[in-house]
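Heads up: the structure comes next, in structure tokens.
The values are calculated or read from the model by the stated rules, or taken from the named source; none is laboratory data. All of these numbers come straight from a predicted model, not from anything done at the bench. Positions of Cβ are backbone-derived with ideal geometry, glycine not excepted, and every protein chain shown enters the neighbour counts.
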Amino acid sequence: MSVQFTREHVDIGVMSDALANVVARSVRAERARRGMSQSELGQLLGWSQTKVSQVESGARRLYAHELPEVCTALEISLIRLLEGASREDLEALGLQQIRRPSSSD
């Protein structure tokens, strides 16, 4: 199932603080895991280093349509980026049918 987001989709800025924190933490962790600087990630996304820093600190929340771009740059799935998000936040993003990996997967 392919999920495409447009600017008409919900802004994570109106989502819970918990979801914004999950996304910020995931972006920071995945970037670091790949040994990538904020500037390098910014270049992949066409963003400034400052914008990446703001996303990672939670000072700037991502729009839903930016999530696939970030996932592609970090080479991770959307589900991995949103790991730890509540069911309510996933449903608000229209992702209620995505099955979370279980420990037996």
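Here are the numbers for this structure:
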{"quantity": "In the range 1-34, the residues that are charged (D, E, K, R), over 14 Å from the mean Cα position of the chain (by Cα) and either at positive phi or modelled with pLDDT under 85 (or both)", "calculated": "ARG7, GLU8"}
{"quantity": "Residue tally, condition closer than 18 Å to ASP89 by Cβ and of a type in the set (Gly, Ala, Ser), over the range 52-72", "calculated": "2"}
{"quantity": "Positions within the range 50-60 being surrounded by 16 or more Cβ atoms within 10 Å (Cβ to Cβ), among the β-branched types (Val, Ile, Thr) and more than 10 Å from the chain's Cα centre (by Cα), in sequence order", "calculated": "VAL52"}
{"quantity": "Positions within the range 66-85 being part of a loop (DSSP other than H, G, I, E, B), in contact (Cβ under 8 Å) with a residue 40 or more places away in the chain, farther than 13 Å from LEU19 by Cα and not hydrophobic (A, V, I, L, M, F, W, C), in sequence order", "calculated": "GLU75"}
{"quantity": "Matching entry among GLY94, GLY84, GLY46 (being exposed (fewer than 15 other Cβ atoms within 10 Å of the Cβ), on the phi > 0 side of the Ramachandran plot and at pLDDT 90 or above)", "calculated": "GLY46"}
{"quantity": "Of residues in the range 61-77 being within 13 Å of SER26 (Cβ to Cβ) and of a type in the set (Val, Ile, Thr), the one farthest from the chain's Cα centre (by Cα)", "calculated": "ILE76"}
{"quantity": "Residue in the range 61-76 that is in contact with a helix residue (DSSP H, G or I) (Cβ under 9 Å, 6 or more places away or on another chain), crowded, with 17+ Cβ neighbours inside 10 Å and basic (Lys, Arg) present", "calculated": "yes"}
